[in-house]
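Notes for the one structure printed next.
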Amino acid sequence: MNTRSILCLLLALTCLILPASAQRDNALTQISTIDAILNGLYDGVLSFGELREYGNFGIGTFHSLDGEMVALDGAFYQVKADGRVYDVTDTATTPFSSIAFFQAEKEIPIASGTNYQEIQAHLKETIPVENIFQGIKILGTFQYMKTRSVPGQTKPYPPLVKVTANQPTFEFHDIAGTVVGFYTPDYVGGLNVPGYHLHFLADDKSGGGHILDFIVRDATLFLDYLPEIRIILPNNPDFNSLELSKDRSNELNQAEREGGKKAEPDNR
Ligand SMILES: [Zn+2]
């Protein structure tokens with residue numbers, strides 16, 4: 001084989017390997033909407049085998065609302081209501097997820113003692129990017145981390161506020177891990193939690209979940225600007241007959257930002 005044909009072969013192989021992810025690098029893919037979840041639409045609509053085609057970094061939940069999902073470096077994890085972290089099979093399904101191929105475009109060191117509120121204020125002040133979606137990754141150690149998870153539900157599914165009223169919450173001290181999540185602009189309320197929606201995964205997989213609060217020990221924040229968005233909506237009677245024009249921001253605040261019942265992570 002001469003040099004030219006080797007080059008052609010290499011180019012052909014590159015095209016075979018790169019197509020999907022290279023095209024989707026700046027896109028966030030959203031499965032269903034947060035308002036559908038608020039309304040109790042917890043049936044899985046896309047398998048994790050299919051979801052991984054759209055990204056290697058993300059958050060979401062599982063069929064029947066069985067826990068909090070964290071996708072990191074292409075691996076999918078399920079933080080169940082018992083506080084433990086489980087691997088996710090490709091055949092499991094999700095009713096709601098946000099996913100992207102994460103590529104850090106900005107790196108911001110976070111000072112020790114900075115809490116979640118202060119990080120949000122700092123980003124608002126220093127990064128004047130409020131109208132596009134962004135992937136957020138915070139890597140490091142945390143003085144404090146408070147998360148929650150939710151137990152799987154049975155039909156007829158109750159609305160999310162009913163479920164989260166009794167959600168188990170978990171507190172960690174001096175824990176190494178990764179915060180994974182997204183920034184959603186305010187003008188697209190109803191799709192995801194406006195502002196920041198973050199999940200946590202401990203490095204040693206001893207816990208994680210949907211973040212309620214945290215304080216950094218030593219960490220770096222990475223931003224990935226995502227000016228493109230793909231929305232995959234459930235095309236089924238439950239979704240198509242739902243009343244989605246109502247403003248549910250109060251319900252959303254109650255369900256996604258407030259505490260529940262404190263539980264200890266079950267570390268058997
Ligand atoms: Zn969440």
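The values are calculated or read from the model by the stated rules, or taken from the named source; none is laboratory data. Bear in mind the structure is a predicted one, so any value in this text is a computation, not a measurement. Because the Cβ atoms are built from the backbone with ideal geometry, glycine has one as well, and the counts that use them run over all protein chains shown.
Conditions (1) modelled with pLDDT under 95; (2) surrounded by fewer than 24 Cβ atoms within 10 Å (Cβ to Cβ); (3) small (G, A, S), marked per residue:
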position	(1), (2), (3)
Q30	no, no, no
T33	no, yes, no
Y42	no, no, no
V45	no, yes, no
F48	no, yes, no
F62	no, no, no
V79	no, no, no
S98	no, no, yes
E130, sole failed condition from (1) buried (at least 17 other Cβ atoms within 10 Å of the Cβ); (2) in contact with a helix residue (DSSP H, G or I) (Cβ under 8 Å, 6 or more places away or on another chain): (1)
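Go through the residues of region 136-147 one by one and say whether even a single one is over 29 Å from E105 (Cβ atoms), of a type in the set (A, V, I, L, M, F, W, C) and at pLDDT 95 or above.
Here is the first cut: in region 136-147, the residues over 29 Å from E105 (Cβ atoms) are none.
No, that holds for no residue.
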Count - residues of region 172-202 that are among the polar types (S, T, N, Q) and more than 15 Å from L252 (Cβ to Cβ): 1
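What tally of residues in region 146-182 results from selecting those that are among the aromatic types (F, W, Y), touching a Pro at 6+ places or on another chain (Cβ under 9 Å) and under 16 Å from E256 (Cα atoms)?
Adding up the residues that qualify gives 1.
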Strands (runs of 3 or more DSSP E) wholly inside region 162-244 that include at least 2 residues being within 16 Å of the ligand (Cβ to nearest atom) and crowded, with 16+ Cβ neighbours inside 10 Å: 168-184, 195-202, 208-226
Residue among G195, G189, G152, G181 that alone is among the small types (G, A, S), touching a helix residue (DSSP H, G or I) at 6+ places or on another chain (Cβ under 9 Å) and closer than 15 Å to M69 by Cα: G152
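Could you name every one of the strands (runs of 3 or more DSSP E) located completely within region 71-128 that has at least 2 residues being within 20 Å of I231 (Cα to Cα)? Please lay out each step first, then the result.
On the way: elements: 75-79, 85-87, 97-100, 106-110.
Answer list for region 71-128: 97-100.
Filter region 54-80 for residues that are of a type in the set (G, A, S) and out of contact with any Lys or Arg (no Cβ under 9 Å at 6 or more places or on another chain) and give the result.
The answer is G58, G60, A75.
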